Amino acid sequence: MTNRERAMNLLRFQPVDRMPAVHFGYWSELLTEWAEQGKIPKELAHGNYDGSAKERELDKLIGWDFNWYRTVGSANGLRPGFEYKVLEELPDGTKRVQSGSGIIERVKPGISSIPSEDDYLLKDREAFETLYRPKMQYTPERVNLEYYKTFNETRPQDLPVGLHLGSVLGDIRNMTSVMGMSYLMYDEDEDLFADIVDAYAEMQYQCAEAILATGAKFDFAHYWEDICFKNGPLISPDKFEEICAKHYQKRNDLCHRYGIDIISLDCDGVTEKLLPTWFNTGVNTMFPIEVGVWGDQFAPAREKFGKGMLGVGGMDKTALRKDKAAVDAEIERMKRLASLGGFIPCPDHRLMPGTKFELVQYYAEEIKKIRI
């Protein structure tokens, strides 16, 4: 069987010859570590990104079958984005910068994680109408139609490939900041916040519609959100349902009309309270299912929603920084989840610095031995 057949069969509760060894990429710092340790050639530590030739070469070296996060899409963000510029440099080397989303951030030297938010431009109706709404309009230039007209012939035939649908709320959070989004939703202008979401969502819908109209075929569709943290969502479930559900429904209905029945969503943190909105509007696959300090989220979701809830992920990647016993414990847990059907084990996010190369090789080899 091809890895594409294995993956699609697993998510449709159909027979497979074995479990595929699936991952979700790496922090760049980890690849630098491995190169310095002599675990991988130095040239594989740079320019290594999802779907790249270097990543495929590294997959073979480790024993992975493929990176699940293989999606294509459109220019469905702010167009054009705001100018990235340094506003101030502080004595410790920290820079205050304006991002492409209009957020003022503090970027610390040598740190590649999410910068801290200092300020934001999208504060009121005037800023939305003059600075942001013009950047949220659909134009044909957002979609490379020529690419998609030959997509079915040129895409990898042995791997699953998804259509990236964009985001309903996550991108908006990146424009308003977490603080700004909270103020807009509850204290300042609820109607404005809803208008921002509506305008952005309509543009992204039109982008997806234009791609699918070319006849390009996809194995799944995918959203990125990141609107939860370790204690739950950044928005109340009722407000989320009120403002966002219709946009998921519209985009998911579009996918269904074009034969896409597997729709996944990436949201960090504890997602339990938002799952009903996603599931009821057609999102049926959790990916990458972060474990964090809160533990497994897939088994409870399957128990609540039944076999209609699918999953890719759920393996606590921190075990790969520890020892073989910790990895073995995770493999046993993955076996139990895989036995539920409709589930593909995968580290719960990108492998981080401190991950041990030999343990990753061991995990990739052992996961292939799971039989359903």
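Determine the percent antiparallel among the DSSP beta bridges restricted to the chain, to the nearest 5.
The answer is about 40 percent antiparallel.
Provide the FRET efficiency to the nearest 0.05 for the Thr130-Arg321 pair, computing r from the beta carbons and using R0 = 35 Å.
0.15
How much accessible surface area, in Å² rounded to 10, belongs to the heavy atoms of Arg18 with a 1.4 Å probe?
That residue has around 50 Å² of solvent-accessible surface.
Can you work out the Karplus-derived ³J(HN,Hα) for every residue in the stretch 222-233? Use 6.51 cos²θ - 1.76 cosθ + 1.60 with θ = phi - 60°, whole Hz, and x for glycine or proline.
Once θ is set to phi - 60°, the couplings for the stretch 222-233 become 8, 10, 10, 10, 6, 10, 10, 9, 5, 10, x, x Hz.
Kindly report, to the nearest 10 Å², the accessible surface of Ile114 as traced by a 1.4 Å probe over protein heavy atoms only.
It works out to around 150 Å².
Assign one of three labels to the stretch 89-195, namely rounded, prolate or oblate, based on the Cα gyration tensor with a ≥ b ≥ c the square roots of its eigenvalues; rounded applies when a/c is under 1.5, prolate when it is not and a/b is larger than b/c, and oblate otherwise.
oblate
So how strong a dipole does the stretch 244-372 carry about its Cα centre when Lys and Arg Cβ are +1 and Asp and Glu Cβ are -1, to the nearest 20 debye?
Dipole size: approximately 320 debye.
If you put +1 on each Lys and Arg Cβ and -1 on each Asp and Glu Cβ, how big is the dipole of the chain around its Cα centre, in Debye rounded to 20?
1420 debye
Can you pull the one-decimal nm distance between simple spin-label points at Lys230 and Gln37, each 7 Å off the Cα toward Cβ?
2.5 nm
Just how far, in whole angstrom, is the stretch 1-75 from the stretch 242-314 if you go by their alpha carbon centroids?
23 Å
Compute the Cα gyration tensor for the stretch 1-101, then decide on rounded, prolate or oblate, letting a ≥ b ≥ c be the square roots of its eigenvalues: rounded whenever a/c is under 1.5, prolate when a/b is larger than b/c in the other cases, and oblate in all that remain.
oblate
Please compute the length gained on full extension between Arg371 and Leu61, using 0.36 nm multiplied by the number of residues separating them and subtracting their Cα-Cα distance.
Answer, rounded to one decimal: 109.3 nm.
Starting from the residue with the highest accessible area, list His256, His23 in decreasing order, probe 1.4 Å.
His256, His23
At 1.4 Å probe size, with the rest of the protein present, what percent of the exposed accessible area of the chain is carbon and sulfur atoms?
50 percent
For the chain, build the charge dipole from Cβ charges (+1 Lys, Arg; -1 Asp, Glu) around the Cα centre, then report which of Ala325, Thr214, Leu44 sits farthest towards its positive end.
Result: Ala325, furthest along the dipole toward the positive end.
Which one, [x] -0.72, -0.95; [y] -0.83, -1.17; [z] -0.93, -1.16, gives log10 I(q)/I(0) by the Debye sum over Cα atoms at q = 0.11, 0.13 Å⁻¹ as derived from the coordinates shown?
Step by step, log10 I(q)/I(0) by the Debye sum over Cα atoms at q = 0.11, 0.13 Å⁻¹ for this structure corresponds to label [y].
Starting from the amide H of Thr71, placed 1.01 Å from N in the peptide plane, find each other amide H under 5 Å away whose residue is 5 or more places distant or on another chain.
Under 5 Å from the amide H of Thr71: Gly162.
Quick one: accessible surface of Leu337, probe radius 1.4 Å, all protein chains present, in square angstrom to the nearest 10.
Leu337 exposes around 10 Å² with every protein chain in place.
Would you be so kind as to identify which of Thr277, Gln157, Cys244 lies farthest towards the positive end of the dipole of the chain, taking Lys and Arg as +1 and Asp and Glu as -1 on Cβ and the Cα centre as origin?
Selected residue: Gln157.
Rounding to the nearest 20 debye, state how big the charge dipole of the stretch 101-178 is about its Cα centre with +1 on each Lys and Arg Cβ and -1 on each Asp and Glu Cβ.
Computed charge dipole of the stretch 101-178: roughly 40 debye.
Run down the lysines and flag those whose C-alpha is under 26 Å from the C-alpha of Lys123, throwing out any fewer than 8 positions away in its chain.
Lys85, Lys95, Lys108, Lys135, Lys239, Lys246
Hey, quick one: spin label on Val107, modelled 7 Å out along Cα-Cβ, who in the stretch 72-96 has an amide N within reach, i.e. under 14 Å?
Counting only backbone N, you get 82-90, 93-96.
Name the helices (complete DSSP H segments) of the chain with a Cα length along the long axis of 24 Å or more and a Kyte-Doolittle mean of at least -0.5, or state none.
Qualifying helices, which must be both long enough and hydrophobic enough, are 190-213.
For Glu83 and Tyr49, calculate 0.36 nm times their separation in residues minus their Cα-Cα distance, and state this gained length in nm to one decimal.
Extra length from Glu83 to Tyr49 when fully extended: 9.8 nm.
Label point 7 Å out from Ser182 along Cα-to-Cβ: which residues of the stretch 107-126 have amide N under 16 Å?
Label zone hits: 116-120.
Keeping every protein chain present and rolling a 1.4 Å probe, give me the accessible area per residue for the chain in Å².
I get 44 Å² per residue for this part.
The values are calculated or read from the model by the stated rules, or taken from the named source; none is laboratory data. Keep in mind it's a predicted model, so treat the numbers as computed, not measured. Don't worry about glycine lacking a Cβ; one is built from the backbone with ideal geometry, like all the others, and counts go over all protein chains shown. Areas reflect the complete protein model, heavy atoms only, side chains present, ligands, DNA and RNA absent. Shrake-Rupley method; radii C 1.70, N 1.55, O 1.52, S 1.80 Å.
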